[in-house]
Amino acid sequence: MASISANCLFFLSILSISFTLILSATVIEDLNNLQPPSDFNTTITNNCLSNPSLRYCNSTPSDLPEIFKSSIVASHLCNQSNNPNCVESFPKIDLRSHPKVALLYLSFTFFWKYCPLTILSIDLANNSLNGNFPSDIFHCSQIQALDLSHNDLSGDFPIQNFSLLTNLTFLNLSYNHFSETRISDTQFFKRFNSSSFLHSGLLPDHGKFKIKAIILLFGFPIYIIVMVVCFGWLCFWRPDFLPGVLRRKHRFTLSMLKAATNGFSKKNLVGKSDAVGIYKGVLRDGTEVRIEIYWDKISRENHQIFVKECEKLVQLCHKNLVQVMGWCNNRKLRATVTEWIDGESIEMWLSRLAPPWKHRVKILMGIVEGMSYLHGEWPEVGYDLKTSSILLSEDQQPLISRFRVEDQNSSTKNIYRFGVFLLEMVANRRPREEFERGEAGFVEWVRMHYPENMQKVMDERMKKARHMVDQATELITLGLMCVDVSRGRQQSLGQISKTISRIYKSGLVSSSPHHTYKRLHGDRGEGHRRVQSR
């Protein structure tokens with residue numbers, strides 16, 4: 001340190017002793033309250049005249065308080081570091097293993113700003129210092145040795161700032177946590193050996209590198225195998241977890257069906273027979289479905305036939321057909337998956353509500369439209385027209401729900417089935433329950449009352465307006481022609497469609513106010529004469 005006057009030296013000695021006694025959390029406040037003695041400016045001026053290289057020589061009068069506080073800290077730190085001949089000689093800062101004191105001195109920025117030129121060594125090792133590198137140390141550019149080992153310093157290492165320490169020959173940064181950098185490729189690294197950077201985070205840890213290499217060498221292939229196994233499991237068991245582009249469209253697995261039905265729980269079972277179970281299920285995307293499971297054992301060839309049939313059924317698309325969503329072909333079972341319809345069957349609808357005539361005609365119109373689509377686009381697809389298997393959607397559209405692929409789909413049989421369905425819609429009778437000979441007995445009963453006693457055939461719960469009786473008679477005539485296979489009086493599907501479409505449209509017109517006016521003023525017998533002309 002530069003020479004100081006006797007008065008200043010005495011003053012500094014007293015302050016240094018006081019500083020030792022008050023070394024606590026209030027030290028910084030106490031230092032801020034200190035003011036330099038009256039002759040301190042003269043002392044600084046004389047020192048700079050004798051040694052212009054001192055760091056405070058270019059200071060202004062406003063810097064005197066900081067210079068004074070720096071002198072006090074330097075005096076105390078010199079003693080704290082066990083330097084001989086303090087305050088005149090200050091070659092070393094030794095605060096090794098003094099974590100509280102070291103942290104306090106590092107907070108004195110003014111001290112490092114005017115760092116004494118005599119300091120050649122700084123030892124701050126083993127002090128649990130954390131945070132970034134203490135950059136104030138770079139003000140002591142003359143130092144030859146720096147030890148910051150065994151701390152918790154982290155963050156980016158200020159390698160560029162070390163160019164200021166041109167005299168530095170010893171450096172120890174070991175056992176810190178700096179961010180890894182390619183320090184080994186720099187000129188800075190060549191000034192020191194690798195022992196200066198052991199476990200500092202600045203150099204690659206070869207032990208960790210070996211571990212990473214082993215993990216990469218053995219772990220990566222294992223990871224690939226696990227991923228392939230998982231992907232294979234998803235493909236074959238739960239493809240619904242895969243992205244849409246990777247799924248096999250329309251194909252369901254046994255695991256998917258189990259997940260959708262809670263393991264085929266009784267709660268999800270909605271219908272059952274010896275070989276068929278019908279479940280309500282919820283797919284992973286939230287779609288509600290009807291799952292029809294066939295437990296019977298069939299040959300491998302029949303399994304292939306089943307898949308080919310399903311591949312055709314999933315292509316059906318019409319507003320009056322239940323959408324077939326896919327199938328499951330497993331060694332243990334077969335299943336078809338269709339959309340879930342909350343509505344009731346036509347059979348239940350007829351018995352529960354006694355629907356008005358125009359609603360019944362609307363149902364017949366929808367069934368004919370669905371039949372026309374199948375006959376025109378998919379002639380090989382057969383279907384079931386029982387009132388128990390035709391469902392009603394939320395908007396009261398009839399939905400044909402059961403299909404089959406046949407080598408020789410019989411149009412005659414389909415027309416016959418529609419004839420029976422039509423007669424059931426008019427009469428609201430249950431052929432299989434109310435007649436000893438089933439459908440044949442039901443048809444014979446209708447013929448017995450036709451045409452003299454149509455009121456007996458028609459659903460007794462309907463309001464029998466004159467135009468409705470005429471239309472019902474015409475439809476019963478059409479139904480009897482459809483079931484008359486032996487005498488060749490069956491109507492074609494085109495003729496059936498034309499007749500029902502005309503009746504359906506006339507029902508729409510008859511409900512208008514204009515038609516009501518005409519019917520009340522002389523247009524009553526037209527519908528009756530049209531029936532008689534047949």
Test for LEU129: is it within 20 Å of ASN193 (Cα to Cα) and open to solvent by less than 30 Å² (accessible area, probe 1.4 Å): no
- prompt: How many of the residues making up the stretch 403-417 are within 13 Å of SER389 (Cα to Cα) and either crowded, with 21+ Cβ neighbours inside 10 Å or at pLDDT below 90 (or both)?
  reply: 1
query: Quick one: would you say LYS464 is at pLDDT 85 or above, among the basic types (Lys, Arg), more than 55 Å from the chain's Cα centre (by Cα) and surrounded by fewer than 17 Cβ atoms within 10 Å (Cβ to Cβ)?
result: no
task: Looking only at the stretch 61-73, decide whether some residue is modelled with pLDDT of 85 or more and under 60 Å from the mean Cα position of the chain (by Cα).
output: no
task: Output the number of residues of the stretch 418-446 satisfying the condition of being surrounded by 13 or more Cβ atoms within 10 Å (Cβ to Cβ) and farther than 19 Å from ARG352 by Cβ.
output: 14
- prompt: What's the number of the condition GLY326 fails, among (1) without any contact (Cβ under 8 Å) to a residue 40 or more places away in the chain; (2) outside any helix (DSSP H, G or I); (3) open to solvent by less than 20 Å² (accessible area, probe 1.4 Å); (4) assigned by the TED database to the domain that holds THR261?
  reply: (1)
query: Out of the residues in the stretch 448-458 that are in a helix (DSSP H, G or I) and surrounded by 14 or more Cβ atoms within 10 Å (Cβ to Cβ), which is farthest from the chain's Cα centre (by Cα)?
result: HIS449
- request: State whether the residues of the stretch 69-91 include one that is closer than 19 Å to THR42 by Cα and open to solvent by 60 Å² or more (accessible area, probe 1.4 Å).
  value: yes
task: Spot the failing condition for TYR105; the list is (1) open to solvent by less than 40 Å² (accessible area, probe 1.4 Å); (2) in a loop (DSSP other than H, G, I, E, B); (3) at pLDDT 90 or above, and only one is missed.
output: (2)
- request: Please specify each residue of the stretch 459-474 satisfying the condition of being part of a helix (DSSP H, G or I) and without any contact (Cβ under 8 Å) to a residue 24 or more places away in the chain.
  value: VAL469
query: Among the residues of the stretch 345-389, which ones are modelled with pLDDT of 90 or more and among the charged types (D, E, K, R)?
result: GLU347, LYS358, ARG360, LYS362, GLU369, GLU377, GLU380, ASP384, LYS386
message: When you scan the stretch 306-317, do you find a residue that is of a type in the set (Lys, Arg), more than 19 Å from TRP340 (Cα to Cα) and either in contact with a His (Cβ under 7 Å, 6 or more places away or on another chain) or modelled with pLDDT of 90 or more (or both), even just one?
response: yes
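Answer with yes or no whether LEU54 is surrounded by fewer than 19 Cβ atoms within 10 Å (Cβ to Cβ), among the hydrophobic types (A, V, I, L, M, F, W, C), in contact (Cβ under 8 Å) with a residue 12 or more places away in the chain and under 30 Å from SER200 (Cα atoms).
Values: surrounded by fewer than 19 Cβ atoms within 10 Å (Cβ to Cβ): yes; among the hydrophobic types (A, V, I, L, M, F, W, C): yes; in contact (Cβ under 8 Å) with a residue 12 or more places away in the chain: yes; under 30 Å from SER200 (Cα atoms): no.
Here the answer is no, as LEU54 does not meet what is asked.
Applying the selection to the stretch 332-344, what residues are under 19 Å from ARG404 (Cα atoms), hydrophobic (A, V, I, L, M, F, W, C) and at pLDDT 90 or above? Write out each step before concluding.
Going through the stretch 332-344, the residues under 19 Å from ARG404 (Cα atoms) turn out to be 333-340.
If we keep only those that are hydrophobic (A, V, I, L, M, F, W, C) too, we end up with 333, 335, 337, 340.
Correct list: ALA335, VAL337, TRP340.
Yes/no matrix, rows are residues, columns are (1) surrounded by 13 or more Cβ atoms within 10 Å (Cβ to Cβ); (2) on the phi < 0 side of the Ramachandran plot; (3) at pLDDT below 50:
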position	(1), (2), (3)
ALA472	yes, yes, no
MET481	yes, yes, no
VAL485	yes, yes, no
GLY488	no, no, no
SER506	yes, yes, no
LYS518	yes, yes, yes
GLY527	yes, yes, yes
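Yes or no: THR412 of a type outside the set (Gly, Ala, Ser) and touching a strand residue (DSSP E or B) at 6+ places or on another chain (Cβ under 9 Å)? Let's see the steps before the verdict.
On the way: of a type outside the set (Gly, Ala, Ser): yes; touching a strand residue (DSSP E or B) at 6+ places or on another chain (Cβ under 9 Å): no.
Against the criterion (of a type outside the set (Gly, Ala, Ser) and touching a strand residue (DSSP E or B) at 6+ places or on another chain (Cβ under 9 Å)), THR412 does not qualify.
If I filter the stretch 76-102 down to residues being part of a loop (DSSP other than H, G, I, E, B) and of a type in the set (S, T, N, Q), which single residue comes out as nearest to ASP152 (Cα to Cα)?
SER97
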message: Given (1) of a type outside the set (A, V, I, L, M, F, W, C); (2) open to solvent by less than 20 Å² (accessible area, probe 1.4 Å); (3) without any contact (Cβ under 8 Å) to a residue 60 or more places away in the chain, identify the lone condition not met by ASP136.
response: (2)
task: Please state which of the following conditions ASP395 fails to meet, knowing it meets all the rest: (1) surrounded by 14 or more Cβ atoms within 10 Å (Cβ to Cβ); (2) within 43 Å of the chain's Cα centre (by Cα); (3) within 19 Å of GLY343 (Cα to Cα).
output: (1)
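Out of all the residues in the stretch 124-138, is one or more under 17 Å from ALA102 (Cα atoms) and either outside the structural domain of SER196 (by the TED database) or hydroxyl-bearing (Ser, Thr, Tyr) (or both)? So that I can check it myself, show each step before the final result.
Taking the stretch 124-138 and keeping what is under 17 Å from ALA102 (Cα atoms), we get 124-138.
The next check asks that each one be either outside the structural domain of SER196 (by the TED database) or hydroxyl-bearing (Ser, Thr, Tyr) (or both); those that pass are 128, 135.
Yes, there is a match, as at least one residue in the stretch 124-138 is under 17 Å from ALA102 (Cα atoms) and either outside the structural domain of SER196 (by the TED database) or hydroxyl-bearing (Ser, Thr, Tyr) (or both).
Might you let me know whether the stretch 352-360 holds any residue that is over 27 Å from GLN396 (Cβ atoms), touching a residue at least 60 places away in the same chain (Cβ under 8 Å) and among the charged types (D, E, K, R)? Before the answer, list the steps.
Of the stretch 352-360, the ones over 27 Å from GLN396 (Cβ atoms) are none.
Within the stretch 352-360, none of the residues are over 27 Å from GLN396 (Cβ atoms), touching a residue at least 60 places away in the same chain (Cβ under 8 Å) and among the charged types (D, E, K, R).
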- prompt: Name the residues in the stretch 367-393 that are of a type in the set (A, V, I, L, M), part of a helix (DSSP H, G or I) and closer than 23 Å to PHE306 by Cα, would you?
  reply: MET371, LEU374
query: So GLN396 clears everything in (1) closer than 18 Å to ARG430 by Cβ; (2) assigned to a loop (DSSP other than H, G, I, E, B); (3) of a type outside the set (A, V, I, L, M, F, W, C); (4) out of contact with any Asp or Glu (no Cβ under 8 Å at 6 or more places or on another chain) except one condition, right? Which one?
result: (1)
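The values are calculated or read from the model by the stated rules, or taken from the named source; none is laboratory data. For clarity, every value in this text was computed on a predicted model and none was experimentally measured. Quick reminder, even Gly has a Cβ in these numbers, built from the backbone with ideal geometry, and neighbours come from all protein chains shown. What goes into the accessible areas is simple: the full protein's heavy atoms, side chains included, and nothing from ligands, DNA or RNA. Shrake-Rupley method; radii C 1.70, N 1.55, O 1.52, S 1.80 Å.
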